[in-house]
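A quick write-up on the structure given underneath.
The values are calculated or read from the model by the stated rules, or taken from the named source; none is laboratory data. Just so we're clear, the structure is a prediction, and the values are computed from it rather than from any experiment. Cβ: placed from backbone, ideal geometry, glycine included. Neighbour counts: every protein chain shown.
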Amino acid sequence: MDIKKLSYEDIREKTKILGYYDVLVNENDEVLIGLNISIPGECVDSKFYYDGGEHAFLVKNNRSIILCDYINEGARSSISKAEKILFMECTNAGKDIEEYEVNSVKFEGLDSIAKKLLEDLDENED
């Protein structure tokens, strides 16, 4: 799934917002993002969409989109430079772990889509 080709409505329908995750960067600027969730399905044609700002989208497969909400400023430069990002899904108190590598894709305008999604979510909760 290429989210650059999806309408806003399609993105909104498929997106789950993830506010908590860990970003680790080593001395070689290699990036690992740890998720405390399990994303259903196999890792197929996965991509990490990022434009250097506060938000990013992870597409593990065609089932769902994960919005990584508010990326720490200290990690943004390393994530922007990375061609690939290593993801680790850790659930069941660390007993179930899945690791996979994802290609990073530059997506200009991503932050505006993410902010609109977050605003829509806030409006729906009221």
Inset, instruction - Might you check whether a residue that is under 24 Å from LYS5 (Cα atoms) and touching a strand residue (DSSP E or B) at 6+ places or on another chain (Cβ under 6 Å) occurs anywhere in region 72-82? - result: yes
Legend entry - Residue in region 99-116 that is modelled with pLDDT of 90 or more, over 19 Å from MET1 (Cα atoms) and not in a helix (DSSP H, G or I) present: yes
Inset, instruction - Having 3 or more residues that are closer than 15 Å to TYR20 by Cβ, hydrophobic (A, V, I, L, M, F, W, C) and without any contact (Cβ under 8 Å) to a residue 60 or more places away in the chain is the bar; report the strands (runs of 3 or more DSSP E) wholly within region 36-84 that clear it. - result: 65-68
Inset, instruction - Considering only residues that are aliphatic (A, V, I, L, M) and buried (at least 16 other Cβ atoms within 10 Å of the Cβ), look in region 43-61 and name the one that is nearest to the chain's Cα centre (by Cα). - result: LEU58
Inset, instruction - Please state which of the following conditions SER64 fails to meet, knowing it meets all the rest: (1) buried (at least 16 other Cβ atoms within 10 Å of the Cβ); (2) at pLDDT 95 or above. - result: (2)
Inset, instruction - Would you mind telling me which numbered condition in (1) touching a Cys at 6+ places or on another chain (Cβ under 7 Å); (2) surrounded by 15 or more Cβ atoms within 10 Å (Cβ to Cβ) ILE71 fails? - result: (1)
Inset, instruction - Considering each of CYS68, CYS43, CYS90 in turn, give the residue that is out of contact with any Lys or Arg (no Cβ under 9 Å at 6 or more places or on another chain) and more than 28 Å from GLU119 (Cβ to Cβ). - result: CYS90
Inset, instruction - Under 8 Å between Cβ atoms, at least 6 apart or on separate chains: pull out the pairs that start in region 87-109 with a residue that is hydrophobic (A, V, I, L, M, F, W, C) and end on any residue that is part of a loop (DSSP other than H, G, I, E, B). - result: PHE87/LYS60; CYS90/ASN36; VAL102/CYS43; VAL102/SER46; VAL102/LYS60; PHE107/ASP51
Legend entry - Extreme residue, surrounded by the fewest Cβ atoms within 10 Å (Cβ to Cβ), among residues of region 81-109 that are of a type in the set (S, T, N, Q) and over 22 Å from ILE11 (Cα atoms): ASN92
